[in-house]
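The structure appears right after this line, and notes come after that.
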Amino acid sequence: MSSTGSLKRLANKYTIFIVLFVMAGALSFLSPYFLTPQNLINVLITESGRGILAIGVAFAIISKGIDLSVGSIVSLTSVVAACLIQDPSYSARIFPGLPILPVFVPVFAGMTAGILIGSINGALIAYTAIPPFIATLGSMIVARGLGLILTNAYPVPMLRPEFKQIGQGSLGPIPFVVIIFILVAIVAYILLNNTKFGKNVYAIGGNINAARTSGIKVEKNLIFIYAFSGLCASIAGILITARAASGIATLGNNYELDAIAAATIGGTSHAGGIGTVPGIIAGILILGILNNGLLLLGISPYLQQVIKGVIIVVAVIFDMRKNAIRH
Amino acid sequence: MEELILEMSKIVRTFPGVKALNSVDFHLRKGTVHALMGENGAGKSTLMKCLVGINPPDSGEILFKSKKVTIPNPLTALRLGIAMIYQELNPVADRSVMENIWLGREPTFGKLGFFVNHRKMYEQTRELLADLALDLNPRQKVKELSIAKMQMIEIAKAVSFNADIVVMDEPTSALTPNEVDHLFSMIRKLKQRGVSIIYISHKMDEIFRIADEVTVLRDGNNVVTKPVAEMNIDSLISAMVGRNLTELFPKIECPIGDVRLEVQNLEVTGLLHDISFDLRRGEILGVSGLVGAGRTELMEALFGLRRKSSGRILLDGKPVHIDSPVDAIKAGMGFLTEDRRLTGIVPVLSVKINTVLAHLDSYSGALGFLQLRRMTKDCLEYKDRLSIKTPSIEALIQNLSGGNQQKVLVARWLLNNPDILILDEPTRGIDVGAKAEIHSIITKLASEGKSIIMVSSELPEIIGMSDRVMVVCQGRITAILDRKDLDQETIMRYATSINNHAA
């Protein structure tokens, strides 16, 4: 291979990171405030929840599926966790007689809700062979409805301080939410690259027949994939709720689209079998920096949407070229 | 005679409405190659799917190493030591060679079996590949490899399972002659290790080169099982089709007219160089060459699917511009593409729609409504003319056999009565009976005065059918041979000539 060829290949491989750095560089010129630690931490805080969501959704996308239910899982988790940790001094509690519970109870209850809905998604996809788009569209609507039923569509405010601490506290200068985002990313990276489960995810997305004939238990793995996505969504839901200090049954509406967008910009291929955690993080940061930068530059939030939409499509066009089979 | 490693007896398998296997017997001897033959739909693949646990049999017995076994899924088959290499190769394209070989049983750290040990996987792969004398990088992505190399990976995978039986389903359908030689030497190597091979193929010459025994199935029944030495091509063909084919390539010598198409100094940057040839009325021009020599690319350039960097095309002496398939169809050309499934049929549409697909314009009447009645009439006409076997023209094309799908595609290109028909691998992957029918259709078209360019990897087909043969090698024409000069050695010499010069 010629040296320009390998340079090209290298550039291809790291396009997304180059784009990220170029964007960050340009913004630091355009706005003196952009590179301040406080601003960067704000970007990270804002994007942590969505980042965790995107990582979960990416597992589904790599397996040649999709998970539309994650936004609703955020909402459901939000109200499930919140109603278990309302302060007794608040008179209009969802469960008036509830004693003060330790903080892990609402956290685990929320995560259980996420894993449960994710597992149902996985089981539907694995055993009934309905397309992931439909299965998760159904559960998205169901989960959204459950959240509304539980709360009668009212917010669930007055959460106990030890719960709010999850979303608002920090370790030194670094907020807990960012630390949790980093931890989830590390776990996801190890899962994808260093475990049999990860190899199975890539194989199922890359060629499901090959996976089957190699003796991989495709159904079981699909359930794990969607359960993991549900778990990520519920972690994001808890973080966002704790930060907002209130459970809201519409909290995660449309979050699934942001998550899918981030994973896609980060090079996760909807044709299956392709995607990396660093790529997804770059995708999330590109969207985050874009939001932040356009805001700092005083550009209309409506125009921001237009720009975001264009970037998503362009990212996929690039990606398809990059991943075209070479002969 | 060698001991039996496998005995399948009275295997029955029904699918809704079809008895695919009707009490079939099959055996395999240790360290031998047993060919399994029959037309498409004869039950070969079904029988093998019973063996490897994809479609377990309804009844019947499988004895493996003299022990009765039941094989409910592919994993059980693999653990027993029965591996299958599928016709549609099965790699995970975006993953590495080593990940494909160890898919589903990656070496792990410790007893937990959760974390993959990449270093061990790499070492094991290197040993395996060295053992089989395969020069491949374990970390290379599979999609960057040729089909032949992918097949070698599948074979390596089978060896890594310590397979006693390897089933190969049409392994040579996409290989060049050199690659076939390499495959065969690999098969001999496996035999020496005591591995037994079940070899499914349509290609007669391969059976006589590599197989020790042959079993022929027809319509889900046993027809014959014999040592290959006791069979010949004629007896094999008649066993497969149940009738005698008078001639495999029923070429009719017919008068060849004047020049219709002339290609002058055609170039496609990086792919084709200085291509000049002509094509006459009533002529079948065979195009031969190794896979990757540029045959298909040349056809695509002619048909406007590839941008030509220079060169002229003349039709009846007048220059024409063909920059898109629309131009080509207007100029009276038709193109039967190489890959039926990829660029030919639309599986979920009816035979009728598949037939008229390239000519919907000509069926648009007033206000742009389609003239459905005329569509049906034309479709029925071609169904009869090409004897397409389908329950109805409304049936989905995916339910037809490969041969009949191919006939539908031929009908598609005959519909607007083209003068020039380009056929790229017109008989790949279809059974002997349908092949003969396609050949006689091609010959008949030529005798009606159509000009035909036929690309084929099968030398007997090229030699049997062509009036002249154009040999392509590394994007150049290395020879244009007359019918009287055709033989396999000559064609192969020209197909590899540039390589030899370079060496």
Among the candidates A:Leu148, A:Leu98, residue that is over 21 Å from A:Gly49 (Cα atoms) and not in a helix (DSSP H, G or I): A:Leu98
Counting only residues that are within 10 Å of chain B (Cβ to nearest Cβ) and either under 17 Å from the mean Cα position of the chain (by Cα) or in contact (Cβ under 8 Å) with a residue 24 or more places away in the chain (or both), the range A:194-212 contains a total of 8
Tell me yes or no: at least one residue of the range B:430-446 is polar (S, T, N, Q), under 23 Å from B:Gly282 (Cβ atoms) and not in a helix (DSSP H, G or I). no
May I ask you to say which residue of B:Ile422, B:Ile462 is within 20 Å of the chain's Cα centre (by Cα) and either part of a helix (DSSP H, G or I) or of a type in the set (S, T, N, Q) (or both)? B:Ile462
All conditions in (1) in a loop (DSSP other than H, G, I, E, B); (2) touching a Pro at 6+ places or on another chain (Cβ under 9 Å); (3) touching a residue at least 40 places away in the same chain (Cβ under 8 Å) are true of B:Ile11 except (1)
I'd like to check something: does the range A:38-56 contain any residue that is assigned to a helix (DSSP H, G or I), of a type in the set (Asp, Glu) and crowded, with 19+ Cβ neighbours inside 10 Å? yes
Condition met for B:Thr355 (assigned to a helix (DSSP H, G or I), surrounded by 14 or more Cβ atoms within 10 Å (Cβ to Cβ) and in contact (Cβ under 8 Å) with a residue 40 or more places away in the chain): yes
Residue check, B:Asp94 against (1) modelled with pLDDT under 90; (2) assigned to a helix (DSSP H, G or I); (3) within 13 Å of chain A (Cβ to nearest Cβ), all met but one. Which one? (2)
Only one of (1) in contact (Cβ under 8 Å) with a residue 40 or more places away in the chain; (2) of a type outside the set (Asp, Glu); (3) facing chain A (nearest Cβ under 9 Å); (4) more than 18 Å from B:Lys157 (Cβ to Cβ) is not met by B:Pro57, so which one is it? (3)
With the requirement that a residue be among the aliphatic types (A, V, I, L, M), in contact with a Lys or Arg (Cβ under 9 Å, 6 or more places away or on another chain) and in a helix (DSSP H, G or I), what does the range B:23-69 give you? B:Leu47
Out of curiosity, is B:Ser401 of a type outside the set (A, V, I, L, M) and either touching a strand residue (DSSP E or B) at 6+ places or on another chain (Cβ under 8 Å) or within 28 Å of B:Leu314 (Cβ to Cβ) (or both)? no
Is the range A:157-179 home to any residue that is modelled with pLDDT of 95 or more, within 14 Å of chain B (Cβ to nearest Cβ), surrounded by 15 or more Cβ atoms within 10 Å (Cβ to Cβ) and in a helix (DSSP H, G or I)? no
Test each condition in (1) at positive phi; (2) at pLDDT below 90; (3) away from every other protein chain (no Cβ under 14 Å) for B:Pro325 and report the one that comes out false. (1)
Restricting attention to the range B:384-402, which residues are small (Gly, Ala, Ser), surrounded by 13 or more Cβ atoms within 10 Å (Cβ to Cβ) and assigned to a loop (DSSP other than H, G, I, E, B)? B:Ala395, B:Ser401
The range B:225-240 residues that are touching a residue at least 12 places away in the same chain (Cβ under 8 Å), paired with ones that are acidic (Asp, Glu) (beta carbon under 6 Å, 6 or more apart): B:Pro227/B:Glu213; B:Met240/B:Glu39
Restricting attention to the range B:444-457, does a residue exist that is β-branched (Val, Ile, Thr) and surrounded by fewer than 20 Cβ atoms within 10 Å (Cβ to Cβ)? no
Those residues that are part of a loop (DSSP other than H, G, I, E, B) and more than 10 Å from chain A (Cβ to nearest Cβ), I need them from the range B:113-135; list them, please. B:Leu132, B:Ala133, B:Leu134, B:Asp135
I'm checking my understanding of the structure. Among residues of the range B:254-275 that are among the hydrophobic types (A, V, I, L, M, F, W, C) and either closer than 20 Å to B:Gly475 by Cα or not in a loop (DSSP other than H, G, I, E, B) (or both), which one is farthest from the chain's Cα centre (by Cα)? B:Val259
Report yes if some residue within the range B:271-293 is within 14 Å of another protein chain (Cβ to nearest Cβ) and touching a strand residue (DSSP E or B) at 6+ places or on another chain (Cβ under 6 Å); otherwise report no. yes
Residue in the range A:273-327 that is nearest to the other protein chains (Cβ to nearest Cβ), counting only those that are at positive phi and surrounded by 11 or more Cβ atoms within 10 Å (Cβ to Cβ): A:Gly273
Please give the number of the condition A:Ala126 fails out of (1) closer than 19 Å to A:Val70 by Cα; (2) within 21 Å of the chain's Cα centre (by Cα). (2)
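The values are calculated or read from the model by the stated rules, or taken from the named source; none is laboratory data. As the structure is a computational prediction, the values presented were derived from the model and not from experiment. All Cβ positions, even for glycine, are placed from backbone atoms using ideal geometry, and neighbour counts span all protein chains on display.
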